[in-house]
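Colleague: Can you read through this structure? Questions will come right after.
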Amino acid sequence: MAKLSTKDLQNGSLAEAVAARMRELLIAGEFAPGQKLSEQTVAGQFEVSRNTLREVFRLLTSQRLLKHIANRGVFVVAPDEAAVIDIYRVRSVIQKGAVQATVKGHPALARMRVLSEQAKQASSVGNWRQVGTINMEFHRAMVELSDSPRLSACFDLVLAELRLVFGQLKDAAHLHEPYIELNACLVRTLEDGEIPAAVLQLEAYLLRSERGVLAALQRKIG
């Protein structure tokens, strides 16, 4: 599951490559919020030394994805309500900017359409975890409309945190189902070249999502 490929190792250090792969697994929902990470197990999964893994853990801790608790170990972060508010603030800035930069015929827009259809198919068989992963990829593709590798790299950190938020909420169907059609609608608006309308749709989308996630977190705490 976690073994690195030659492509993973093309840029940067081994620790950076492992950290990038772990972020992908976080986005895919492979790690649970609050999960304790065993050095021995994770080092074995990635076939790296414990020294390398400790550097990986330091990198991911600096990115707010892991946390070290003295005398207890390293844990996957479980973002709280304050983190959710900040995540959506960042999403709004990055994603609206990407939508405003959309050019007709952009490959990322075609990918958004494909992902929208895949989400419908996954929901039809009740595979809500897969719907969640596809939704992450949909929003990643949206940011790729900006043609900015730096924005995409920044947004990957946001996606990993966001998946850890979603991982704390029990009703995945309730969480994701309303946005399947909203994603499809947003794609249609962008394909029609109606950028101002798409920005307004995205603003309403993100506001609805943020309120829903915060309410679900509050119910969990209560």
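Colleague: Give the residue, chosen from LEU25, LEU65, that is of a type outside the set (Gly, Ala, Ser) and surrounded by 17 or more Cβ atoms within 10 Å (Cβ to Cβ).
Modeller: LEU65
Colleague: Residue check: is GLY97 more than 14 Å from the chain's Cα centre (by Cα), of a type outside the set (Lys, Arg) and within 22 Å of MET136 (Cβ to Cβ)?
Modeller: Considered against the rule, which asks whether it is more than 14 Å from the chain's Cα centre (by Cα), of a type outside the set (Lys, Arg) and within 22 Å of MET136 (Cβ to Cβ), GLY97 comes out as yes.
Colleague: Mind listing whichever residues of region 64-113 are free of Cβ contacts under 8 Å to residues at least 60 places away in the same chain, more than 28 Å from ALA19 (Cβ to Cβ) and outside any loop (DSSP other than H, G, I, E, B)?
Modeller: ALA110
Colleague: Check whether at least one residue in region 125-147 is in a helix (DSSP H, G or I), surrounded by fewer than 17 Cβ atoms within 10 Å (Cβ to Cβ) and free of Cβ contacts under 8 Å to residues at least 12 places away in the same chain, and report yes or no.
Modeller: no
Colleague: Kindly indicate which of ALA160, ALA172, ALA184 is surrounded by fewer than 21 Cβ atoms within 10 Å (Cβ to Cβ), small (Gly, Ala, Ser) and under 17 Å from the mean Cα position of the chain (by Cα).
Modeller: ALA172
Colleague: Then there is this: Under the condition of being basic (Lys, Arg) and over 24 Å from GLN168 (Cα atoms), which residue from region 33-74 is modelled with the highest pLDDT?
Modeller: Among them, the one singled out is ARG54.
Residue-wise test of (1) over 15 Å from TYR88 (Cα atoms); (2) assigned to a helix (DSSP H, G or I); (3) at pLDDT 95 or above.
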| position | (1), (2), (3) |
| --- | --- |
| ALA173 | yes, yes, no |
| LEU200 | yes, yes, yes |
| ARG208 | no, yes, yes |
| ARG211 | no, yes, yes |
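Colleague: Please find, within region 192-206, the residue that is nearest to ASP80 (Cα to Cα) out of those that are among the hydrophobic types (A, V, I, L, M, F, W, C) and touching a residue at least 40 places away in the same chain (Cβ under 8 Å).
Modeller: Per the stated criteria, the residue is LEU206.
The values are calculated or read from the model by the stated rules, or taken from the named source; none is laboratory data. This structure is a prediction, so every number in the text was calculated from the model and none was measured. When we count neighbours, we look across all protein chains shown, and the Cβ atoms used for this are built from the backbone with ideal geometry, even at glycine.
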